[in-house]
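The values are calculated or read from the model by the stated rules, or taken from the named source; none is laboratory data. Keep in mind that this is a model prediction, so the values were computed, not measured. As a convention, Cβ positions derive from the backbone with ideal geometry for all residues, glycine included, and neighbour counts pool all protein chains shown.
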Amino acid sequence: MILEYKISKSTSLSSEEIINKILLIIEKRNYGIVEITKTSVLFNDHTGGLIGNWEHVRRMKKGKFEIINNGNSNIVLFEYLPISVSEYIWVAIISSFPVGFGIVNKVYAVGLISWLFIGQLLFKRYNLKTIANEMLTEVVS
């Protein structure tokens, strides 16, 4: 199961200009830089989970900007991990308790509580997809 997403856009900027823009965006959004090369920048979320709830749905776990030379232009490929595997596992574990309680006590409506946790994951994924598109647009503009 692949959890990383990829988006790309073309630009006429040079590789150096693109790298500089990427570094500014990463610094502005308070991510940690893992690796910088002439054609890529790798970053991650270095906050360690010590952030507020609303900030949680706006932070990617990790990402990588890669520059691909296409003759007269450059293509910027952005790979990002919006939600970690451990987060999916925690939601599955937490969601199973209300469902199990509802089945044991024949109160099936209690299982609807698990939709709050699943809905949070869906909202986070959609929100981070929008943020990733914004970041990529900032880089290529």
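Looking only at residues in segment 57-83 that are loosely packed, with under 14 Cβ neighbours inside 10 Å and among the polar types (S, T, N, Q), which one is farthest from Tyr31 (Cα to Cα)?
Among them, the one singled out is Asn72.
Consider Ile19 against the criteria (1) more than 25 Å from Lys124 (Cβ to Cβ); (2) out of contact with any helix residue (DSSP H, G or I) (no Cβ under 9 Å at 6 or more places or on another chain); (3) surrounded by fewer than 15 Cβ atoms within 10 Å (Cβ to Cβ); (4) modelled with pLDDT of 90 or more: it satisfies all of them except one. Which criterion is unmet?
Failed condition: (3).
Can you tell me how many residues in segment 101-121 are surrounded by 13 or more Cβ atoms within 10 Å (Cβ to Cβ) and farther than 30 Å from Met60 by Cβ?
Residues flagged as surrounded by 13 or more Cβ atoms within 10 Å (Cβ to Cβ) and farther than 30 Å from Met60 by Cβ within segment 101-121 amount to 4.
Would segment 44-56 turn up any residue that is of a type in the set (Ser, Thr, Tyr), over 18 Å from Glu4 (Cα atoms) and either modelled with pLDDT under 90 or surrounded by 15 or more Cβ atoms within 10 Å (Cβ to Cβ) (or both)? I'd like the intermediate steps shown before the answer.
First pass over segment 44-56, keeping only residues of a type in the set (Ser, Thr, Tyr): 47.
Applying the additional criterion that residues be over 18 Å from Glu4 (Cα atoms) yields 47.
If we keep only those that are either modelled with pLDDT under 90 or surrounded by 15 or more Cβ atoms within 10 Å (Cβ to Cβ) (or both) as well, we get 47.
Checking segment 44-56: at least one residue is of a type in the set (Ser, Thr, Tyr), over 18 Å from Glu4 (Cα atoms) and either modelled with pLDDT under 90 or surrounded by 15 or more Cβ atoms within 10 Å (Cβ to Cβ) (or both).
Does Ile83 meet the test of being modelled with pLDDT of 90 or more and either within 30 Å of Leu13 (Cβ to Cβ) or β-branched (Val, Ile, Thr) (or both)? Steps first, please.
Numbers: modelled with pLDDT of 90 or more: no; either within 30 Å of Leu13 (Cβ to Cβ) or β-branched (Val, Ile, Thr) (or both): yes.
In short, no.
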